[in-house]
Amino acid sequence: KDDLLPRSFPTVYGATFIKSDHTTGYGNGLIQIREGGAGAFYNMLLAGRGGSGLQNNDCGSEERTSAQPVNGEGEYLYWDPMNFINVVSADDGMSNQFDISGDCTWTSSNQESVMTAPDIQLLPSQWSSVSDLFQIDPRPVAGGNLFGSASTPPSDNFFDSSATYTGAFGTSLWLDQWSYLSVYGLLPSGDVLPTSSTSLSGEITSDMTLSSGTTYYLTGQTFVKAGATLTIEAGTTIKAYRQDAGGKAPTLVIEQNAMIMADGTASAPITFTSVLPESVLPARGTWGGLIILGNAVITGGGTDFIEGLDAGEGVYGGSDDSDDSGTLKYVRVWYGGADIGFDPTNPENSGNEINGITFGGVGSGTTLEHCEVAFNKDDGFEFFGGSVNGKWLSALFVDDDAFDTDEGYIGKLQFIFALVDQDGDHAAEMDSKDDNLRRSFPTVYGATFIKSGHTSGYDNGLIQIREGGGGDFYNMVLSGKAGSGLQNTDCFSETRTSLNRPDDVNHLYWDPNNIISVVSADDSIATPFDIDGTCGWTDDNQASSSVSPDIQLIPDQWTSASDIFQLDPRAIAGGNLFTGASTPPSDGFFDSSAVYKGAFGSGLWLDQWSYLSVYGMLPSGDVLPTSSTSLSGEITADRTLYSGTTYYMTGQVFVKNSATLTIEAGTTIKSYRQDAAGKAPTLVIEQNSMIMAEGTASAPITFTSVLPESVLPARGTWGGLIILGNAPITNSAGLTDSIEGLAANEGIYGGSTSNDNSGSLKYVRVWYGGADIGFDPSNPENSGNEINGITFGGVGSGTTLENCEVAFNKDDGFEFFGGTVNGKWLSSLFVGDDAFDTDEGYAGKLQFIFALVDKDGDHAAEMDSKDDLLPRSFPTVYGATFIKS
């Protein structure tokens, strides 16, 4: 308040102030001190665009200095000369550190600061609002100038005297997790910290190795130049920022005559991913991608420039179809596809989003095996010309096409897999350049392409071949929801046939044994082919098989990764995928033993390393149901499950008609998360049927998940066990009721036989259950029908229940709806709701019951009745230990 006392006198150590391009306040200082304001300002960092860094006006009698103050405490404005001001005008780009008005004379006119650009991890130079900021990392670069000349804060019990750096941040990102910037994906994860030895940006001109014990950070576009080899050891992770200071998306570019040797393994894959925290992933477009450029032939001959890079960068093409750009084995490229070149007039999409992995004129000397692109904003794998061959390739949930070939690509592809969600377009878009030579001519043996219900590209074919594209396509499996299976448009002189394959490369051959099981998302009408008027086929004979693909598990209802829950793309043993398949040639590349349709036989080559495996959407690789080990549907006669065999619950199983299911001691039953209709596999023992499951302490009977151990424990990975009897229940509507979660007339329980016998459960373990037993597409995560670990509906006292356990169930552990069954030695661990739940007139006896309730659980026991309806719930309990965290 001018010269009124006490004068405002803040003391500041460590501030980072950043301003964008702007339309308001463009002439103002980033800091304004006025009306007699005083204070002491140390370790200040001012950056961005403004009229000035420090604006000082309407001064009083306070001393203003960047030297040692003369006036006493509270009567001076001190601006440390080592403060950083790197502010430029948004109008003319001129730097202006100070704007001092005429009434604000400083001592010896000595207001001072450091003008050098601050070494900040990421400070975008072009942004105007949160919508185009994309990403920032306000910490100083390790060893940079913000550590060089900072003042030491005083040891006064408030200031942290160890913070000897300029700005608000040292190496720690204290905004991590809780800040808006972190929650909405504008900050890297707090454990990300590039150093001079781990940061990748600019040119690599000599051989370099990235070691598996180190995480590397792609902070800018990185070019491996001719003559240099970049070796990446198995197990190495490279995390990329969304942009550099200039707005360009960090991307790794292997130039012509350079090489990449990225040789991972299933247990130690090489991963390119985002610096973002797991809490905001998966997300598309969080960094650029991987570009490999070679000397192989492209349409028209000569060379071209790859899309997205600056002029003069990214030359590809030549005359050497056997050119070798190195090796990619077990390489994962996740969350890429951001604009590789920033366009301030259209910052969200300049048209230069980069593909997950781009091959420009890459030759057949290059090895491409077991690679995956997931959640890319543009295409997954794109081949511009060249002749590189590829096996075991997976493209998941990309925003455009999973596989894209163009410009004379003539490579061979085997075992290629695409999951196209509601945002994606084609599983494969295969173009040429009309009748210009050479014509694109991929040869494909074995592809599985699956598309969900969708909001974009709903009229498009699952494969589109256009603009004169040719090729040979064998053992193809197309399934899901799309406008058609094969869409063929904009044709030229190539022959198109499903009859006799021509001997030249001027044709498109579609094997008539390929399976197209595609229906429209709009009307569920099957449309195998969509052939436009320019594409007459020989004798109009485009042909395919319309049989069911007989795949282990393809959910019918899914839209994105968030609701697919689980799939198993392998062929069912003895099913249609093993009938009528073509034998691949023995040419040194194709695996001629793979005489089945689709990308998978009995082996699950995605196991361990794929996104689907890592995030629990695939069964373990050693899981393989057969006709004799698969459990689904009705069991209407006595059956025994033997201890030497692992069984797989692939759907809901109902033991009916007074049948007895006997399970030998030591037997394991593993369950899938869902069946094709989205229902959770569950074993139901109906009224008047029996289960005889008598394990021992050394050979318990185990119900568990098909998931790999690496993602367990987890709740809700399958349904549960339901036993239904004829004992009394409380029910105002009559003697019986329907158990929760099952369809109407399935799961009847209750009656008048108190000593009813449903069999024996001894040493039975039920782990990781509680998924929705009935799928609700309007609320796929929780329809309210999660099932309990073991549900007893009207089960009588003739049933034996001893030494049983439920662990990690999503809903209750043991639930008793009426009945009189007695239980001893029961353990309920880490369930998502109540460990024990009794209701509807349960009158059994319980002894030795144990519950561990963790932070996610509710009660150790929830014991209800039905008001004053009879019979009233009346359990008798002797001996319980209940513990809660």
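See the values below:
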{"quantity": "Cβ pairs under 7 Å, 6+ apart, first in the stretch 309-332 and of a type in the set (A, V, I, L, M, F, W, C), second open to solvent by 20 Å² or more (accessible area, probe 1.4 Å) and part of a loop (DSSP other than H, G, I, E, B)", "calculated": "V315/Q256; V315/T303"}
{"quantity": "Qualifying strands (runs of 3 or more DSSP E) (wholly inside the stretch 184-231; at least 1 residues being more than 19 Å from G170 (Cβ to Cβ), at pLDDT 95 or above and in contact with a Lys or Arg (Cβ under 6 Å, 6 or more places away or on another chain))", "calculated": "199-204, 215-224"}
{"quantity": "Of residues in the stretch 693-723 being outside any strand (DSSP E or B) and among the polar types (S, T, N, Q), the one least open to solvent (accessible area, probe 1.4 Å)", "calculated": "T717"}
{"quantity": "Extreme residue, surrounded by the fewest Cβ atoms within 10 Å (Cβ to Cβ), among residues of the stretch 857-876 that are touching a Lys or Arg at 6+ places or on another chain (Cβ under 8 Å) and free of Cβ contacts under 8 Å to residues at least 60 places away in the same chain", "calculated": "T876"}
{"quantity": "The lone exception for S593 - which of (1) assigned to a loop (DSSP other than H, G, I, E, B); (2) over 28 Å from G235 (Cβ atoms); (3) open to solvent by less than 20 Å² (accessible area, probe 1.4 Å); (4) out of contact with any Asp or Glu (no Cβ under 8 Å at 6 or more places or on another chain) it fails", "calculated": "(3)"}
{"quantity": "Options G598, G603; residue that is under 20 Å from N389 (Cβ atoms), touching a Ser or Thr at 6+ places or on another chain (Cβ under 8 Å) and at pLDDT 95 or above", "calculated": "G598"}
{"quantity": "Every residue from the stretch 501-523 that is outside any strand (DSSP E or B), open to solvent by 20 Å² or more (accessible area, probe 1.4 Å) and closer than 12 Å to D459 by Cα", "calculated": "A521, D522, D523"}
{"quantity": "Test: residue in the stretch 324-338 that is modelled with pLDDT of 95 or more, surrounded by fewer than 24 Cβ atoms within 10 Å (Cβ to Cβ) and in a loop (DSSP other than H, G, I, E, B)", "calculated": "yes"}
{"quantity": "Qualifying residue in the stretch 392-400 (condition: out of contact with any Leu (no Cβ under 7 Å at 6 or more places or on another chain) and polar (S, T, N, Q))", "calculated": "no"}
{"quantity": "Residue that is in contact (Cβ under 8 Å) with a residue 40 or more places away in the chain, open to solvent by 20 Å² or more (accessible area, probe 1.4 Å), touching a His at 6+ places or on another chain (Cβ under 6 Å) and not charged (D, E, K, R), where the choices are T495, T534", "calculated": "T495"}
{"quantity": "Among residues of the stretch 194-222, those that are farther than 22 Å from K248 by Cα and of a type in the set (A, V, I, L, M), counted", "calculated": "2"}
{"quantity": "Count of the stretch 791-825 residues which are crowded, with 24+ Cβ neighbours inside 10 Å, among the hydrophobic types (A, V, I, L, M, F, W, C) and part of a strand (DSSP E or B)", "calculated": "7"}
{"quantity": "Selection count where residues are over 24 Å from S199 (Cα atoms) and either open to solvent by less than 70 Å² (accessible area, probe 1.4 Å) or among the basic types (K, R) (or both), scope the stretch 105-131", "calculated": "8"}
{"quantity": "Count of residues meeting criterion [buried (at least 21 other Cβ atoms within 10 Å of the Cβ), under 17 Å from G813 (Cβ atoms) and in contact with a Ser or Thr (Cβ under 6 Å, 6 or more places away or on another chain)] in the stretch 837-856", "calculated": "4"}
{"quantity": "When residues of the stretch 434-480 are limited to those that are surrounded by fewer than 23 Cβ atoms within 10 Å (Cβ to Cβ) and of a type in the set (K, R), the one farthest from D400 (Cα to Cα)", "calculated": "R438"}
{"quantity": "Filtered residues of the stretch 826-836 (kept if surrounded by 21 or more Cβ atoms within 10 Å (Cβ to Cβ) and either hydroxyl-bearing (S, T, Y) or touching a helix residue (DSSP H, G or I) at 6+ places or on another chain (Cβ under 9 Å) (or both))", "calculated": "S828"}
{"quantity": "Condition broken by T236, with the remaining ones in (1) touching a Lys or Arg at 6+ places or on another chain (Cβ under 8 Å); (2) closer than 27 Å to P138 by Cα; (3) of a type outside the set (D, E); (4) modelled with pLDDT of 95 or more satisfied", "calculated": "(1)"}
{"quantity": "Meets criteria (open to solvent by 40 Å² or more (accessible area, probe 1.4 Å), over 22 Å from N726 (Cβ atoms) and more than 30 Å from the chain's Cα centre (by Cα)) for E664", "calculated": "yes"}
{"quantity": "Complete set of residues in the stretch 32-79 that are crowded, with 18+ Cβ neighbours inside 10 Å and without any contact (Cβ under 8 Å) to a residue 12 or more places away in the chain", "calculated": "P69"}
{"quantity": "Which numbered condition N726 fails, given (1) part of a loop (DSSP other than H, G, I, E, B); (2) within 22 Å of D811 (Cβ to Cβ)", "calculated": "(2)"}
{"quantity": "Meets criteria (assigned to a loop (DSSP other than H, G, I, E, B), among the polar types (S, T, N, Q) and in contact (Cβ under 8 Å) with a residue 60 or more places away in the chain) for N295", "calculated": "yes"}
{"quantity": "Residue count, the stretch 272-300 (criterion: in contact with a Ser or Thr (Cβ under 9 Å, 6 or more places away or on another chain) and within 19 Å of E382 (Cα to Cα))", "calculated": "15"}
{"quantity": "Total residues in the stretch 136-168, condition assigned to a loop (DSSP other than H, G, I, E, B) and either open to solvent by 40 Å² or more (accessible area, probe 1.4 Å) or small (G, A, S) (or both)", "calculated": "23"}
{"quantity": "Matching residues in the stretch 407-426 - criterion: being open to solvent by 10 Å² or more (accessible area, probe 1.4 Å) and within 22 Å of G326 (Cβ to Cβ)", "calculated": "E407, I410, K412"}
{"quantity": "Selected residue (only one of D587, D607, D556 is closer than 30 Å to T495 by Cβ and either in a loop (DSSP other than H, G, I, E, B) or in contact (Cβ under 8 Å) with a residue 60 or more places away in the chain (or both))", "calculated": "D587"}
{"quantity": "Filter result for P625 (within 23 Å of E709 (Cα to Cα) and either modelled with pLDDT of 95 or more or part of a strand (DSSP E or B) (or both))", "calculated": "yes"}
{"quantity": "Considering residues of the stretch 375-394 that are of a type in the set (A, V, I, L, M, F, W, C) and either under 25 Å from D321 (Cα atoms) or out of contact with any strand residue (DSSP E or B) (no Cβ under 8 Å at 6 or more places or on another chain) (or both) only, the residue most open to solvent (accessible area, probe 1.4 Å)", "calculated": "W392"}
{"quantity": "Evaluation of G53 against (1) in a strand (DSSP E or B); (2) modelled with pLDDT under 95; (3) at positive phi; (4) small (G, A, S) (one fails), failing number", "calculated": "(3)"}
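The values are calculated or read from the model by the stated rules, or taken from the named source; none is laboratory data. Computed from a predicted structure; not experimentally measured. For neighbour counting, all protein chains shown are included, and Cβ atoms are generated from backbone atoms with ideal geometry for every residue, glycine included. Ligands, DNA and RNA are stripped out before the accessible areas are found, and what is left, the full protein with its side chains, is counted by its heavy atoms. Shrake-Rupley method; radii C 1.70, N 1.55, O 1.52, S 1.80 Å.
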